[in-house]
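Q: One structure follows; several queries about it will come next.
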Amino acid sequence: MRYLPLTDGDRQAMLARVGAASIDELFIDVPEHARLSGPIEGLPNRASEIAVERHLSKLAAKNLAAGDAPFFLGAGAYRHHVPASVDHLIQRGEFLTSYTPYQPEIAQGTLQMLFEFQTQVARLFGCDVANASMYDGSTACWEAIGMARRVTKRGKAILSSGLHPHYVSVCETMAKFTGDMLETAAPELAARSDIESLIDRIDDDTSCVVVQYPDILGRIGDLSALADACHAKKALLVAVVTEPVALGALTSPGEMGADIVVGEGQSIGVGLQFGGPYVGLFACSEKLVRQMPGRLTGETVDAEGKRGFVLTLSTREQHIRREKATSNICTSSVLCALAWTAHMTLLGEKGLRQLAAANHARACSAADRLAKVRGVELVNDSFFNEFTVKLPREARPVVRALADRGILAGVSLGRLFPETKALANGLVVAVTETVTYEDIEALASGLQEVLA
Amino acid sequence: MTINQSGWKPTMGEAGAPDGETFTGNRALMLEEPLIFEIGGADTTGVDIDPPAAHESRLGGLERRSEIGLPGLSEPETVRHYTRLSRQNYAIDLGLFPLGSCTMKHNPRLNERLARLPGFADVHPLAPIDTVQGALELIHELAHWLVTLTGMHSVAMSPKAGAHGELCGILAIRAALDARGDSRKVILVPESAHGTNPATAAFAGFTVEDIPATAEGRVDLKALEARLGPDVAGVMITNPNTCGLFERDMKAISDAVHAAGGFVYCDGANFNAIVGRVRPGDLGIDAMHINLHKTFSTPHGGGGPGSGPVVFSEALSPYAPLPFVEKAADGSFRIVEEETAEEHHGDSFGRMTAFHGQMGMFTRALSYILSHGADGLRQVAEDAVLNANYVLRSLEDVLEAPFGGSGPCMHEALFSDAGLADGFTTLDIAKALIDEGYHPMTMYFPLVVHGAMLVEPTETESRAALDQFIGALRSVAERAKSGDERLKSAPHFAPRRRLDETLAARKPVLVWKELPVADAAE
């Protein structure tokens, strides 16, 4: 077997050193009834590299890759161009095949990278500090609610109707077990987000208000008044960013007073990957840091006074505090964080702003073009690179019909909110720099045909 | 004197460097590297983006007005920055990485290539179902092999890491108890458990009680049976356990827990020791996560991403999370989500993550399983166990092996600090191993052994590599027993000497801030 270096001769010699007559003697503690006597049912024996490649390539070929079609899907996962050097760097063995940096003297590469990542995330979100990544945006969103509970000692979270419904589902799952109260609602196909109604609902039991920016319909609301209203009632404002590229063009949630900002980092550096692995971003104000979940990298010095980095404040973590930890998280998304930070370093301030401008300009063109299709109505009065259109009939079958024509048209609200009939005609369309003007024309004319 | 690019002061100025020091702080191939904030600029970028044809703003009046403070580097500078950083890392590609319970094995590059096929890597999680049949088939196929290899009833693929999988299993137990109107609150966790186990149980609203270990390093069955009762929701057990031993009484433990109305969660972190030889389902386990990154070799990536599918017994299957992939009668695949759940899985405890889990890890794990096949997977477990026993027996004359007398170990060998010279610790041994060119073993875990050293060589080490490692550890152990003071200041040859972790925690510096001008010009 190409991955196993021991030869039969090695095995015999090693068994002799160990003092066992056969390998079975080493499994002596496994009760007889639990030992597998024969081969694994149905699984063929070892396969060559070429045979495995053939099998998986066949499976891959059954999928329509985003790059092979006019592509407009978003709703929490975005297709951006990732520079070739990013994938090259994350494949370097010293990053790819290393472990959690528990031995800092020989893990400075990962630790310095994470320190840079934390700084970039904190600055992008307008916060004091950030952690060294979470699983993804949805789980980070739940962790933020848990953190707000610990900070405020209150158990009611108000979730904006513009929060991604899958994020809401994750929070609802967890809240069933932790006893948190969640107030939720589905959005309306309206031009403005629900910020005013959120403000009205904050009371003395509220731990936090969770609001997505831009929201699931693509709308952008000013969070300043909401932040003030939260703080007046000693509640926290949690902002959720599913498209961090937007912050190259928009005022950050932290600047508007959000206490915790979480996000899905997938759109920078990571790629679609059918839903994972992604990278959760998590930032907050400095005074909350000891209630933060996840890993933190900090600066220090070594025995010779040289600057170096270590994992720090680990007394919050499961391996020290066990059942009193701020979270049970043990793995984060370090390699994806590397992809994120390398892509962000390539962009820099200038590149990120240009990328954001290119996204917004294309989205404006697409919105105008689609609004010209008979029966199609633009819902948003504000958006970044994603907006919602209202179709004259249910959007789900329209998306399917366009897929048959080789166009991946967007995400129907019927798929995201199956139980809310009032949203069934809504279609969320994302337009990034990877979309060409020909793609936009193909979508518009395809839509026109299908709706005719 | 000025601060050089790496942020520390060279002992000599521009005039020259004495022996042992260099002007740059570099040491030939070992290069110091400043932070991007110290070398990048606001006007530098490593990407060329076509300017938009038209400028208009529909941003709701929230256009960014402040500077973000993100430095940019050109492509050559970026590649050099991260390549230089990478050289400050130890990795499995560089040498043996004997971290007990972490399973640092070789990462086949075929898996990387396949995960990057556009049909997997460039597919949106909400794409129309007809356009992602291959991706769904892959998830279904991997799920089938995970169920088959574990002898269980079903599998939840969406948990994003081992600890997330633990949460999944514990939530399913909670949901099953709720379904029968049972409000049991206690989860029993053996002393030797990973810290994630008690944290997970607490996170899901349970109270945690410890179960002691026997003198032989296994769960004390009598103590466990004595604690069982109508308030116990379940136990969380690691098997093979973190002392490197197989829990011989696993079936008896399961039977006792079931008889008392509870459920058995197994931490599957060490499944690589028994894959192809033992099916956890035959031991009465109700739920177990599988760390794909450990047993099935998906890269650890410096601490993630992981992937932690959870296999379930028939009793817990109805409560498994959404979404999951199902094969229809016509051979097509579909995703069962909230909208379609009622007809199938009305008892599901819900969704754990936005999308389907770690697709990129599924691709790699399936590639690994098919590459090894039935015979290869069995060989994996056998070689992992043989290598660990080889290490155990080759070192037990110089290092105390607290459970060495209680039979063969599984895939990891446990030593303690007993017998070291006064004032010498496990930490000193670990740091001295760094100078020998190795990543240290797991230290101070499991907690049941004083000064624990847990060595897991894995099946991908050759006999020659093991012999060299054994020689290095033997030499370090002998020096620690004889009181060689040099060990206490190790590592001497790493890119950094011992780092001040206390300072980092007392005065946390978590983001880079520009030095005040006065300090920089000191």
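The values are calculated or read from the model by the stated rules, or taken from the named source; none is laboratory data. Bear in mind that the values here come from a model prediction, so they are computed numbers and not experimental data. Neighbour counts are summed over all protein chains in view; Cβ atoms, including those assigned to glycine, are modelled from backbone coordinates with ideal geometry. Ligands, DNA and RNA are stripped out before the accessible areas are found, and what is left, the full protein with its side chains, is counted by its heavy atoms. Shrake-Rupley method; radii C 1.70, N 1.55, O 1.52, S 1.80 Å.
Q: Of all residues in segment B:124-135, which are of a type in the set (A, V, I, L, M) and crowded, with 21+ Cβ neighbours inside 10 Å?
A: Pass one, segment B:124-135, residues of a type in the set (A, V, I, L, M): B:126-127, B:129, B:132, B:135.
B:LEU126, B:ALA127, B:VAL132, B:ALA135, listed by residue number.
Yes/no per residue for (1) open to solvent by less than 10 Å² (accessible area, probe 1.4 Å); (2) in contact with a Ser or Thr (Cβ under 7 Å, 6 or more places away or on another chain):
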position: B:ARG218; (1), (2): no, no
position: B:LEU224; (1), (2): yes, no
position: B:VAL235; (1), (2): yes, no
position: B:PRO240; (1), (2): yes, no
position: B:GLU247; (1), (2): yes, no
position: B:ALA273; (1), (2): yes, no
position: B:GLY281; (1), (2): no, yes
position: B:GLY284; (1), (2): no, yes
position: B:LYS327; (1), (2): no, no
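Q: Also: At pLDDT 95 or above and of a type in the set (Asp, Glu): which single residue out of B:GLU14, B:GLU77, B:GLU56, B:GLU21 fits that description?
A: Values: B:GLU14 fails: at pLDDT 95 or above; B:GLU56 fails: at pLDDT 95 or above; B:GLU21 fails: at pLDDT 95 or above.
Checking each option against the conditions leaves just B:GLU77.
Q: State whether the residues of segment A:114-122 include one that is surrounded by 24 or more Cβ atoms within 10 Å (Cβ to Cβ), in contact (Cβ under 8 Å) with a residue 24 or more places away in the chain, more than 7 Å from chain B (Cβ to nearest Cβ) and among the β-branched types (Val, Ile, Thr).
A: Yes, because at least one residue in segment A:114-122 is surrounded by 24 or more Cβ atoms within 10 Å (Cβ to Cβ), in contact (Cβ under 8 Å) with a residue 24 or more places away in the chain, more than 7 Å from chain B (Cβ to nearest Cβ) and among the β-branched types (Val, Ile, Thr).
Q: Restricting the search to segment A:389-400, which residues are more than 10 Å from chain B (Cβ to nearest Cβ) and open to solvent by less than 70 Å² (accessible area, probe 1.4 Å)?
A: Within segment A:389-400, the first condition is being more than 10 Å from chain B (Cβ to nearest Cβ), and the residues that meet it are A:389-395, A:397-398.
Within segment A:389-400, A:VAL389, A:LEU391, A:ALA395, A:PRO397, A:VAL398 meet the criteria.
Q: How about segment A:21-47: which of its residues are more than 7 Å from every other protein chain (Cβ to nearest Cβ), open to solvent by less than 60 Å² (accessible area, probe 1.4 Å) and at pLDDT 95 or above?
A: Once the filter is applied, which keeps residues that are more than 7 Å from every other protein chain (Cβ to nearest Cβ), open to solvent by less than 60 Å² (accessible area, probe 1.4 Å) and at pLDDT 95 or above, segment A:21-47 yields only A:SER22.
Q: Would you pick out the residues in segment B:63-80 that are within 7 Å of chain A (Cβ to nearest Cβ) and either within 34 Å of the chain's Cα centre (by Cα) or surrounded by 23 or more Cβ atoms within 10 Å (Cβ to Cβ) (or both)?
A: B:ILE68, B:GLY69, B:LEU70, B:PRO71, B:GLY72, B:LEU73, B:GLU75, B:THR78, B:VAL79
Q: I've got another one for you. Which residue is surrounded by the most Cβ atoms within 10 Å (Cβ to Cβ), if the candidates are limited to segment B:344-402 and must be more than 7 Å from every other protein chain (Cβ to nearest Cβ) and charged (D, E, K, R)?
A: Looking at the filtered set, the residue picked out is B:ARG364.
Q: Quick check on segment A:144-159: of everything there that is surrounded by fewer than 24 Cβ atoms within 10 Å (Cβ to Cβ) and within 13 Å of another protein chain (Cβ to nearest Cβ), which residue is farthest from B:ALA163 (Cα to Cα)?
A: Per the stated criteria, the residue is A:GLY155.
Q: Of the residues that make up segment A:263-272, is at least one open to solvent by 10 Å² or more (accessible area, probe 1.4 Å), of a type in the set (A, V, I, L, M) and either facing chain B (nearest Cβ under 7 Å) or in contact (Cβ under 8 Å) with a residue 60 or more places away in the chain (or both)?
A: yes
Q: Of the residues in segment A:43-64, how many are in a helix (DSSP H, G or I) and under 28 Å from B:THR131 (Cβ atoms)? Working first, answer last.
A: From segment A:43-64, those in a helix (DSSP H, G or I) are A:49-61; that's our starting set.
Filter once more, keeping what is under 28 Å from B:THR131 (Cβ atoms): A:50-61.
The number of residues fulfilling the criteria is 12.
Q: Do you know which residues across segment A:65-77 are at the interface with chain B (Cβ under 7 Å from one of its Cβ atoms) and either over 19 Å from B:LEU136 (Cβ atoms) or not in a helix (DSSP H, G or I) (or both)?
A: So in segment A:65-77, the residues at the interface with chain B (Cβ under 7 Å from one of its Cβ atoms) come out as A:65-67, A:73, A:75-77.
Once the filter is applied, which keeps residues that are at the interface with chain B (Cβ under 7 Å from one of its Cβ atoms) and either over 19 Å from B:LEU136 (Cβ atoms) or not in a helix (DSSP H, G or I) (or both), segment A:65-77 yields A:ALA65, A:GLY67, A:LEU73, A:ALA75, A:GLY76, A:ALA77.
Q: Find all pairs meeting these conditions: Cβ atoms under 9 angstrom apart; at least six residues apart or on different chains; first residue within segment A:138-153 and within 11 Å of A:GLY263 (Cα to Cα) and part of a helix (DSSP H, G or I); second residue of a type in the set (Lys, Arg) and open to solvent by less than 10 Å² (accessible area, probe 1.4 Å).
A: So the pair list comes out as A:SER138/B:ARG351; A:THR139/B:LYS160.
Q: Which residues, taken from segment B:130-144, are touching a residue at least 12 places away in the same chain (Cβ under 8 Å) and either over 16 Å from A:GLY406 (Cβ atoms) or not in a helix (DSSP H, G or I) (or both)?
A: Correct list: B:GLY134, B:ALA135, B:LEU136, B:GLU137, B:LEU138, B:ILE139, B:HIS140, B:GLU141, B:LEU142, B:ALA143.
Q: While we're on this one: Are there any strands (runs of 3 or more DSSP E) wholly within segment A:277-388 with 3 or more residues that are facing chain B (nearest Cβ under 8 Å) and modelled with pLDDT of 95 or more, and if so which? Lay out the reasoning, then the answer.
A: Details: elements: A:280-284, A:297-301, A:307-311.
In segment A:277-388, A:297-301, A:307-311 are the strands (runs of 3 or more DSSP E) which contain 3 or more residues that are facing chain B (nearest Cβ under 8 Å) and modelled with pLDDT of 95 or more.
Q: Which residues, counting only those in segment B:103-139, are among the β-branched types (Val, Ile, Thr) and more than 7 Å from every other protein chain (Cβ to nearest Cβ)?
A: Step one: filter segment B:103-139 for residues among the β-branched types (Val, Ile, Thr), giving B:103, B:123, B:129, B:131-132, B:139.
Result: B:THR103, B:ILE129, B:ILE139.
Q: Also, quick follow-up: Might you let me know whether segment A:3-13 holds any residue that is hydrophobic (A, V, I, L, M, F, W, C), open to solvent by 60 Å² or more (accessible area, probe 1.4 Å) and at pLDDT 95 or above? Lay out the reasoning, then the answer.
A: Going through segment A:3-13, the residues hydrophobic (A, V, I, L, M, F, W, C) turn out to be A:4, A:6, A:13.
Of the ones still in play, those that are also open to solvent by 60 Å² or more (accessible area, probe 1.4 Å) are none.
No, segment A:3-13 contains no residue that is hydrophobic (A, V, I, L, M, F, W, C), open to solvent by 60 Å² or more (accessible area, probe 1.4 Å) and at pLDDT 95 or above.
Q: Okay, moving on. Only one of B:ALA28, B:ALA121 is modelled with pLDDT under 95, over 30 Å from B:VAL455 (Cα atoms) and open to solvent by 20 Å² or more (accessible area, probe 1.4 Å); which?
A: Details: B:ALA121 fails: modelled with pLDDT under 95.
From the options B:ALA28, B:ALA121, the qualifying one is B:ALA28.
Q: Let me ask something additional. Within segment B:430-461, restricting attention to residues that are touching a Cys at 6+ places or on another chain (Cβ under 8 Å) and among the aliphatic types (A, V, I, L, M), which residue is most open to solvent (accessible area, probe 1.4 Å)? Step through it out loud before you land on a result.
A: Here is the first cut: in segment B:430-461, the residues touching a Cys at 6+ places or on another chain (Cβ under 8 Å) are B:442, B:446, B:448-449, B:456.
Those still in the list that are among the aliphatic types (A, V, I, L, M) too: B:448-449.
Numbers: B:VAL448: 50, B:VAL449: 15 Å².
Among them, the one singled out is B:VAL448.
Q: Restricting to segment A:160-209, count the residues that are more than 19 Å from B:ALA354 (Cα to Cα), crowded, with 23+ Cβ neighbours inside 10 Å and of a type in the set (S, T, N, Q).
A: Number satisfying all stated conditions: 3.
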